[in-house]
1. In the stretch 325-425, what is the volume of the convex hull around the alpha carbon atoms, normalised per residue and reported in Å³?
2. Show me the ranking of peptides 71-77, 84-90 by mean Cβ neighbours inside 10 Å, starting with the highest.
3. Give me the base-10 log of I(q)/I(0) for the stretch 365-424 at each q in 0.16, 0.19, 0.25 Å⁻¹, Debye formula, one uniform scatterer per Cα, rounded to two decimals.
Amino acid sequence: MGWVCSRRLVGASQSAYSLSRSDGEEETLQELSELTTSAGAQVVGSILQRSPDPDPATLVGRGKVREISAGAKGVKADSVIFDHDLTPTQLRNLEQVLDLRVIDRTQLILDIFARRARTREGQLQVELAQLNYLLPRLGGRGTLLSRLGGGIGTRGPGEQQLEFDRRRIRARIRRLREAIERVRSQRALHRAHRQERHCLTVALVGYTNAGKSTLFNALTGSKVATSSRLFATLDPTVRALELESRRAVLLSDTVGFIRKLPPHLVAAFRATLEELEDASLLLHVTDASHPEREPQDAAVRSLLGSLGLAATPCLHVWNKADLLDPAEARRLAAGDSDVVVSALKGDGLEALRRRIEEGLQQDPIVEAELELSSSDGEGLALLYRLGTVLSAHLEDRRLLVRARLAASLRERFRARSLAFRETPAGA
Ligand code: GTP
């Protein structure tokens, strides 16, 4: 699925909404190049736009369109990639003027996701996100249904054909949603089994290419495809993590985060990220040698916040220590929740295991009485999933629940409860 990658592309970054030079446009453009390479294409040129005054029809101004056109033709590019999301109209207009395939950031990320999805669930989710993206854009050059294996030729489809395509896509979207629901309930079942066996979960999170999969392999001795390409991990992978205390702990590897991840993509990967909700401890992995490590970390923290996970205990794992100056490595290791490792060389892993043990021990089980609004079925379901519900009944349109839960989840449930009272265990 997804577009067959062109050989030659030209990247264009539009930064109309930020005027200053210091806003990191060059870095984002550099990242767009990395993403493009990751999608299997070759970057043959790039253009930066700093217009304060975007043209709503084409996003970039008319002069810039001419510049892109001349630049792209000069290097025989067959596609232009925008580091920005384009509306369906902008996409069509640009393709018409440029006479080239136009791709925006979401489409590029979706394409990479499509190439990396390994499990059935991941593949279904990516296809759903791709079709939802495609539907309003149908008819554009880069979005013919033929790209999805529909067998339509390269000529632009007529209205009748478009309507037929739309109907087919809507039907496929319905089937995909049903299939995803089935897979999700299977996952919930697996999770419930794990919970019954009192397994704790430690989850790896981090910016794409930080080295999560390498660390996952190093800690669990398993073989998950690692790749210098971005997003090698799309589907969560769960393996047993051997710790000295012999506690049953599972380590889960998740999809790499990225700046400017479109919100609907986050939604598309909700099931992937649901894995994180169950985690007792997060390992936030950073490529310590990356010049952009701070904004990358900030992006990860903000995504964790938007997923309601800001309060989950977290160890900051500074990876790729082999590429660091030793003094810098020592400085980074000084923090209470910081560990410096080289997943590739296996350095610092024993210390990391110890810190994981400590981190997990700091999360005792507490007992609490909660009052949830009777319409907060989701809260109750979450409580069933993450804790042990001892009793639950409805009174005055309120759900009164007694439950055991990890102390780290306290704040999350306090925030959504009408009343929250911790009780001595067994009271
Ligand atoms: P996504 O799947 O994109 O989220 O990536 P990831 O965070 O899982 O990264 P992955 O483990 O695939 O590693 C990315 C690249 O970094 C690979 O080329 C690894 O070999 C390299 N890498 C990982 N850990 C280290 C390390 O400790 N030192 C060095 N020098 N390279 C590393």
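1. Working: hull volume 13.6 nm³, N = 101.
Cα-based convex hull of the stretch 325-425, divided per residue, equals 134 Å³.
2. Working: 71-77: 15.9, 84-90: 18.0.
My ranking of the peptides, most packed first, is 84-90, 71-77.
3. So the normalised log intensities are -0.39, -0.56, -1.01.
Just so you know, all these numbers are worked out from the coordinates, no wet-lab data involved. Nothing here was measured: the structure is a model prediction, and the numbers come from that model. So basically every Cβ, Gly included, is an ideal-geometry build from the backbone, and we count neighbours across all protein chains shown.
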